[in-house]
Amino acid sequence: MDHHQAAITAEDIGFSYGRRRALDGVSFRIAPGEVLGLLGPNGAGKSTAIRILTGQLRARTGRALVLGTDMAHDPAPAQARIGVVFEEKNLYEAMTGEENLRFFARLFGIRGFDAAAALDRVGLADRGRDRVKAYSKGMRQRLMVARALVNNPDALFLDEPTDGLDPVSAQAIRRIIQAEAARGTAVLLTTHDMHEADQLSQRVAFLNEGRIAALDTPEALKLRHGQRSVRVRVRENDGVRETALALGHPDAGERLKRAVEAEGLLTIHTEEATLEDIFVLVTGRGLD
Amino acid sequence: MTAPRAGRGGIVTAIIAKDVAAFARDRFWVFMTLLALVWFVGMYVFMPETVDESLRVGVHWTESDAAFDAALGAAFGAAAGLDVVRYPSRQALEEALGMGATQPPERLTMGLDFPDDFLVRVHLTLPTSVRLYVDPEVPDDVRPALAAMVRESAYALTGHGLPVSLPNAETVVLGEDRLGRHVPLRDKLRPLYAFMMLVVETYALGALIAAEVSSRTVRAVLATPARIGDFLAAKTVTGTLLAFTEASLLMVLVRGFGHEPLLVAAALLLGAVLVTGVALTVGAAGRDFIGTIFASLVFLIPLSIPALAVLFPGTASPWVQVLPTHGLVQIIVGATTGPMAAREAAPHLASLAAWCAVALAMGLLTLRRRVAQL
């Protein structure tokens, strides 16, 4: 994929806050309809990357291209076609949900915006006329997502969109992300939740101390860095015997066949490394 | 997909409409604005619209002599606004002056006690003395005037005229002679009313901006096609619009447009821009409501001095003339007390406009820098 095909391109981006280097040579591309999960601990540079790619910060080095626009020069053409969910809940609290959406629709130059439909999409149809200050955390987050979708964006930047949400709200937001990707929207997703990244992302990038430590599909990362195995539990005499069969072993197939045919077989579990395991393995640190 | 594009005007208008709506539904600032309007208009309505220019002087003399009465009448009666009240005894005079055991319902502030042998000694050209009672609040220049009147009555009694006369025809009044129609306090307060109304809007806009910065909603706005210039332009227009509208409404209610409505309107508009510049600065600096209030005080205390100086003529130092609000105050005072020549108003307008440019530039740069740091 070259950058003509990519909707979002980060080319060797570098940025510093004073002497602290936040991003150091970060590069990746996201195709239309693709979800890239940008994973990393707090302070890894995820939010800085999003700010540069959405035109709010100018990269010190490298280039940020979004929908064919160099964001360091005139980001306005791209900003008309992107949606952003910020990490902080920066909504106008004295305004209602509908008013928030209508205001942003006006900034995008959209006439006749159907705020009720937009709120319905995120499950807030019955709360649209309530002021945001009366919303719960989950409702605010859903409104943030609705706001990011006001202009039917071609590129979506989501900074921890499900952080701290209840499972129902988080699942609702994940479904919207999947629907947007299916529509052809390029999605950059930062998250702490490895399961979420695994579930939503076609590819994931591990960001550690401002650098990309690994970038590939979750499956490829697991295959490359993880140990695949099958754990077999068999009743034996009065107890239970548990055996791990490494699938990479030359006679793994034969051993698995014997285990399946064994008398007293209780359970067989496939085991593979999680993205978190691989992150720890690659970066030498956890995600907290 | 080609997305619709909002023009700069559409974006600025959208932000202004949002800010005005936010102001209109903020109960605290709406209440404060209405309170300020009602309070200042109430002060204007209930304060006296004329100035009581007469001075009451209590006089005690025991001798009843037609010539003495005539001399006193000639001396004191000639003084415009002097109301002479005669008391039968020194004790009665002192009680009226509040020196007795009980306080009189209406205390005198000045009194003259002529000795019993005053007439005899004057006729014999012997030295005599008259006791002058003066309350501390009586202006210093009134005391020698009273002493001169006593001397004049003595001259009249002895048949001598004063060696120097001051014919009215040769009295030169500097500026407009306001004898008998001095500016009432309620009218002197007009510049202060206007300034305080502008101050309320400084606080309101400052709080609005501080909230936008602290909640980082401005980041969401700037992730759309809106530019920082659109945001700053919208805040400037919103602040100026609110401050000018409310200050103008107040001036209409207190008849503050006087003889030069266009001139006062221009001054109020520039004043509104000035306080908007201050509001942008304090909004950028303030983290919350209290922070905004304190940051505002740094600017608003010195800015209020010219309006306060109008209440106490002659007390202000010359440096007050360089304060940004001096021009605003001078124009309101000049236009409400009489016609104000364009030549007279021009320096004040120019000074005010220059300060507006400085305040606005400072506010825009400060807020721009603050937003960039978010």
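List of remarks:
- Considering residues of segment A:37-62 that are within 14 Å of chain B (Cβ to nearest Cβ) and charged (D, E, K, R) only, the residue surrounded by the most Cβ atoms within 10 Å (Cβ to Cβ): A:51
- Only listed residue being more than 14 Å from chain A (Cβ to nearest Cβ) and either surrounded by 12 or more Cβ atoms within 10 Å (Cβ to Cβ) or modelled with pLDDT under 75 (or both), chosen from B:13, B:102, B:62: B:62
- Selection from segment A:110-148 of residues that are of a type in the set (Gly, Ala, Ser), modelled with pLDDT of 90 or more and not in a helix (DSSP H, G or I): none
- Evaluation of residue A:183 against (1) of a type outside the set (S, T, N, Q); (2) within 15 Å of the chain's Cα centre (by Cα); (3) closer than 26 Å to residue A:89 by Cβ; (4) modelled with pLDDT of 85 or more (one fails), failing number: (2)
- Number of positions in segment A:273-288 that are among the charged types (D, E, K, R) and surrounded by 15 or more Cβ atoms within 10 Å (Cβ to Cβ): 2
- A single entry from A:186, A:197 fulfils the requirement of being surrounded by 23 or more Cβ atoms within 10 Å (Cβ to Cβ), out of contact with any helix residue (DSSP H, G or I) (no Cβ under 9 Å at 6 or more places or on another chain) and assigned by TED's automatic domain parsing to the domain that holds residue A:31: A:186.
- Restricting attention to segment A:261-288 and to residues that are over 38 Å from the mean Cα position of the chain (by Cα) and not in a loop (DSSP other than H, G, I, E, B), the residue that is farthest from residue A:193 (Cα to Cα) turns out to be A:261.
- Just so you know, in segment A:200-221 the residues that are in contact with a helix residue (DSSP H, G or I) (Cβ under 8 Å, 6 or more places away or on another chain) and in a helix (DSSP H, G or I) include one that is surrounded by the fewest Cβ atoms within 10 Å (Cβ to Cβ), and it is A:218.
- Among the residues of segment A:136-153, some residue qualifies, meaning at least one is surrounded by fewer than 18 Cβ atoms within 10 Å (Cβ to Cβ), facing chain B (nearest Cβ under 9 Å) and either of a type in the set (A, V, I, L, M, F, W, C) or out of contact with any His (no Cβ under 9 Å at 6 or more places or on another chain) (or both).
- Search result, residues across segment A:155-212 that are over 19 Å from residue A:65 (Cα atoms) and aromatic (Phe, Trp, Tyr): A:206
- Candidate set: segment A:106-117, residues that are closer than 18 Å to residue A:176 by Cα and out of contact with any Lys or Arg (no Cβ under 8 Å at 6 or more places or on another chain); chosen: the one farthest from the other protein chains (Cβ to nearest Cβ): A:116
- Test: residue in segment A:249-261 that is surrounded by 19 or more Cβ atoms within 10 Å (Cβ to Cβ) and in contact with a helix residue (DSSP H, G or I) (Cβ under 9 Å, 6 or more places away or on another chain): no
- Qualifying residue in segment B:203-217 (condition: more than 14 Å from chain A (Cβ to nearest Cβ), loosely packed, with under 15 Cβ neighbours inside 10 Å and at pLDDT 70 or above): no
- Apart from one condition, residue A:21 fits all of (1) surrounded by fewer than 20 Cβ atoms within 10 Å (Cβ to Cβ); (2) within 13 Å of another protein chain (Cβ to nearest Cβ); (3) not in a loop (DSSP other than H, G, I, E, B); the exception is (2).
- Cβ pairs under 9 Å, 6+ apart, first in segment A:70-82 and at the interface with chain B (Cβ under 9 Å from one of its Cβ atoms), second crowded, with 22+ Cβ neighbours inside 10 Å and part of a helix (DSSP H, G or I): A:79/B:222; A:82/A:53; A:82/A:148
- Condition broken by residue A:233, with the remaining ones in (1) surrounded by 13 or more Cβ atoms within 10 Å (Cβ to Cβ); (2) out of contact with any Ser or Thr (no Cβ under 6 Å at 6 or more places or on another chain); (3) charged (D, E, K, R); (4) without any contact (Cβ under 8 Å) to a residue 40 or more places away in the chain satisfied: (2)
- Tally, over segment A:74-109, of residues that are in a helix (DSSP H, G or I) and either crowded, with 18+ Cβ neighbours inside 10 Å or touching a Ser or Thr at 6+ places or on another chain (Cβ under 6 Å) (or both): 14
- Segment A:118-131 - residue that is of a type in the set (Gly, Ala, Ser) and more than 25 Å from the chain's Cα centre (by Cα) and, of those, nearest to the other protein chains (Cβ to nearest Cβ): A:128
- Some residue of segment B:308-322 being outside any loop (DSSP other than H, G, I, E, B), within 12 Å of the chain's Cα centre (by Cα) and among the hydrophobic types (A, V, I, L, M, F, W, C): yes
- Residue A:232 assigned to a strand (DSSP E or B) and assigned by TED's automatic domain parsing to the domain that holds residue A:158: no
- Within segment A:85-96, being over 15 Å from residue A:163 (Cα atoms) and in contact (Cβ under 8 Å) with a residue 40 or more places away in the chain holds for A:91, A:92, A:93.
- Filter result for residue A:98 (within 9 Å of another protein chain (Cβ to nearest Cβ) and either closer than 25 Å to residue B:18 by Cβ or of a type in the set (Lys, Arg) (or both)): no
- For segment B:114-152, the set of residues classified as modelled with pLDDT of 80 or more and under 32 Å from the mean Cα position of the chain (by Cα) consists of B:133, B:134, listed by residue number.
- Filter pass, residue B:374 being at pLDDT 80 or above and either in the same structural domain as residue B:242 (by TED's automatic domain parsing) or part of a loop (DSSP other than H, G, I, E, B) (or both): no
- Within segment B:240-260, tally of residues that are in contact (Cβ under 8 Å) with a residue 12 or more places away in the chain and in a helix (DSSP H, G or I): 12
- Scan segment A:151-180 for residues that are in a loop (DSSP other than H, G, I, E, B) and either under 12 Å from the mean Cα position of the chain (by Cα) or modelled with pLDDT of 90 or more (or both) and the total you get is 8.
- Pair list, Cβ < 6 Å and 6+ apart or interchain, from segment B:222-239 residues that are more than 7 Å from chain A (Cβ to nearest Cβ) to residues that are among the small types (Gly, Ala, Ser): B:239/B:279
- Test: residue in segment A:83-95 that is away from chain B (no Cβ under 12 Å) and at pLDDT below 90: no
The values are calculated or read from the model by the stated rules, or taken from the named source; none is laboratory data. Just so you know, these numbers come straight off a predicted model, no measurement behind them. All Cβ positions, even for glycine, are placed from backbone atoms using ideal geometry, and neighbour counts span all protein chains on display.
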